[in-house]
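The values are calculated or read from the model by the stated rules, or taken from the named source; none is laboratory data. None of these values were measured; they are calculated from a predicted model. Note: ideal-geometry Cβ built from the backbone for every residue, glycine included; neighbour counts use all protein chains shown. For accessibility, only protein heavy atoms count, side chains too; no ligands or nucleic acids. Shrake-Rupley method; radii C 1.70, N 1.55, O 1.52, S 1.80 Å.
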Amino acid sequence: MTKAKHLTKVTDINKLFLEQAINEGDIVVDATMGNGYDTKYLAHLVGENGFVYAFDVQEEALKSTKKKLEKDEITDRVELILDGHENMDKYIDKKVACVVFNLGYLPRAQHMIITKPNTTIKAIEHSLNLLKPHGIVSIAIYTGHPGGEEEKNSIYDFVENLDQNEFSVLESKFVNQINNPPQLILIEKKMEY
Ligand SMILES: C[S@@+](CC[C@H](N)C(=O)[O-])C[C@H]1O[C@@H](n2cnc3c(N)ncnc32)[C@H](O)[C@@H]1O
């Protein structure tokens, strides 16, 4: 497992927070499995007593993720689900420590299959309901592809209106990087009050 050592990408920053929030034995969700890098990373973080639910709408994503998990002999602690993250409430009935979104399209695959505002917001809503206190939803947002800017705007409309008594919402972005650098939104659920 690669730990975050530098801060050159928002995914490095993401790791700092995920490693704080996730303990061995936790249940976590990879809402956008893609090529399985995040699924594998999360599966190592939760350890053999933890569990990862991973979603994607493309068969190709499940295939390449399965291969990575088999190589590391960690398939038992992961369920790979061929369905949209907007349906995650149908698969998960336990509280989770974290839900990770890495939005946009699957690199090297069909760029038409992208995450979309309506389903992304629905999935974020489900994620917030599933979170345990101090759990985190992390959302890496990309705006360099058609549709990316619209998705970003609808996410901001949604998260800016979350009640600050219930959730802390943080944004991170490298402001001196060119070519639409990705940005990160982290939402932490506060203690129940
Ligand atoms: C940027 S990639 C994810 C990268 C991945 N986390 C990794 O480690 O390789 C975004 C993924 O979201 C998937 N996706 C698109 N719409 C989705 C939906 N409604 N539910 C779940 N995944 C979706 C795409 O098929 C694509 O594989």
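Within the set K63/K95; K9/K90; K71/K116; K71/K152; K63/K90; K90/K173, which residue pairs have Cα atoms separated by over 30 Å? Don't jump to the answer; show the numbers that get you there.
Details: K63/K95 27 Å; K9/K90 33 Å; K71/K116 32 Å; K71/K152 35 Å; K63/K90 22 Å; K90/K173 33 Å.
Those over the limit are K9/K90; K71/K116; K71/K152; K90/K173.
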What is the ratio of the Cα radius of gyration of the stretch 66-161 to 2.2 N^0.38 Å, where N is its residue count, to two decimals?
-> 1.17
Residue-span extension gain [M191 to N179] - 0.36 nm each, minus C-alpha spacing | 0.5 nm
1.4 Å probe accessible area per residue over the chain, in Å² = 54 Å²
For the chain, with the dipole built from +1 on Lys and Arg beta-carbon atoms and -1 on Asp and Glu ones, taken about the Cα centre, which of F167, S64, H126 lies farthest toward the positive end?
-> S64
About its Cα centre, what dipole magnitude does the chain give when the only charges are +1 on Lys and Arg Cβ and -1 on Asp and Glu Cβ, stated in debye to the nearest 20?
-> 560 debye
Using the Cβ atoms and a cut-off under 15 Å, what net charge is assigned to the surroundings of D93, where Lys and Arg are +1 and Asp and Glu are -1?
-> +2
Alpha carbon centroid spacing (whole Å) that separates the stretch 1-55 from the stretch 76-149 | 13 Å
What number in nm² do you get for the stretch 102-147 if you take the convex hull of its Cα atoms and divide its surface by four?
-> 3.7 nm²
How many times 2.2 N^0.38 Å is the alpha carbon radius of gyration of the chain?
-> 0.96
Given labels modelled 7 Å from the Cα in the Cβ direction, how far is it in nm from D76 to E60?
-> 3.3 nm
FRET efficiency for K116 and L162 from the Cβ-Cβ distance with R0 = 22 Å, rounded to 0.05, comes out at 0.60
At most 10 other Cβ atoms within 10 Å and a DSSP loop assignment: could you name the trypsin sites (Lys or Arg not before Pro) in the stretch 104-171 that fit?
-> R108
